[in-house]
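Engineer: Here it is: the structure, laid out below.
The values are calculated or read from the model by the stated rules, or taken from the named source; none is laboratory data. Small disclaimer: the values here were computed from a predicted structure and weren't measured. We place every Cβ from the backbone using ideal geometry, glycine too, and count neighbours over all the protein chains shown. The area values use the complete protein model at the heavy-atom level, side chains included, leaving out ligands, DNA and RNA. Shrake-Rupley method; radii C 1.70, N 1.55, O 1.52, S 1.80 Å.
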Amino acid sequence: MIKEITSRNNEFIKYLVSLKENKNIKKEQKFLIEGMHLINEAKNYLVCVLTLEEIPNLDCDQYIVTKEILAKLSNNKSTSKVIGVVNLIEEKEVKSNKLIYLNKVQDPGNVGTIFRTALAFNYFDIIADEGTASKYNSKVVQSSQGSIFKLNILEKNIEYLRKLKKDGYKIIVTCLDTNSKKISEICKVFDKICIVFGNEGQGVDQEILALSDEKLMIEMANIDSLNVAVSAGIILYSFKDWQLFIKIV
């Protein structure tokens, strides 16, 4: 269906504006995305698009709108030429033996970058606690570069982490601690691992540190800490082929 909307006060447009708030995203089970790259990544979840001109070969309803309407819906400084309405992504049970747990990682850019990095290195199951920026936050979605549509991202708390430990996952926590091991020093064979990344300022919660089987740090010089997304990139790459890594060390 192709339909034209010219008024910023149209009721459907007002409804879509409401989807910029997290409470309404959960209530309506829909969220907004911006740009053709994300539209293409989200094809299996698309409800409709709002665009300046018809997009060929797109199997969903299209609304031809004005630049002013797109600006009203956009969260970016530079308004996108197309905005999509997308169904929420179903959460599934974890199936892989390499998991990521995000503990109060609050910056949306960091969260989205970690999602993108996880996909690049074949981590498909991610657990994010309630203190972590929502996977549907517009900045998270944008910085993830569409990876959220290919990942299984669960919103769970520490009780789920305890369950994972009972199920045989070894909890590896990133931590700047005198007892932490360097990457090259962790040489035990674990069938299943869950790597925990903590808050940008405070690190990993003490309650989670108490659950850990191993504490891990990155060797560095001239500075005492790294951005959490950068740290995640280094560690996830190091552990991307866990069994291969074990053999090397």
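Engineer: Report, by residue number, each residue of segment 35-88 that is at positive phi and in contact (Cβ under 8 Å) with a residue 40 or more places away in the chain. Step through it out loud before you land on a result.
Structural biologist: Kept after step one, since they are at positive phi, are these residues of segment 35-88: 35, 57.
G35 - this is the single residue of segment 35-88 that is at positive phi and in contact (Cβ under 8 Å) with a residue 40 or more places away in the chain.
Engineer: Which of the residues belonging to segment 47-59 are open to solvent by less than 30 Å² (accessible area, probe 1.4 Å) and either within 19 Å of N10 (Cβ to Cβ) or in contact with an Asp or Glu (Cβ under 9 Å, 6 or more places away or on another chain) (or both)? Lay out the reasoning, then the answer.
Structural biologist: From segment 47-59, those open to solvent by less than 30 Å² (accessible area, probe 1.4 Å) are 48-51, 55, 58; that's our starting set.
If the condition is that a residue be open to solvent by less than 30 Å² (accessible area, probe 1.4 Å) and either within 19 Å of N10 (Cβ to Cβ) or in contact with an Asp or Glu (Cβ under 9 Å, 6 or more places away or on another chain) (or both), then C48, V49, L50, T51 are the ones that fit.
Engineer: Any chance segment 85-105 includes a residue that's farther than 30 Å from S231 by Cα and open to solvent by less than 10 Å² (accessible area, probe 1.4 Å)?
Structural biologist: yes
Engineer: Given the conditions (1) open to solvent by less than 20 Å² (accessible area, probe 1.4 Å); (2) assigned to a loop (DSSP other than H, G, I, E, B); (3) small (G, A, S), report the number of the one that G112 does not fulfil.
Structural biologist: It is condition (2) that G112 fails.
Engineer: Which condition from (1) over 30 Å from Y45 (Cβ atoms); (2) among the β-branched types (V, I, T); (3) open to solvent by 20 Å² or more (accessible area, probe 1.4 Å); (4) outside any loop (DSSP other than H, G, I, E, B) is the one that I223 breaks?
Structural biologist: I223 satisfies every listed condition except (4).
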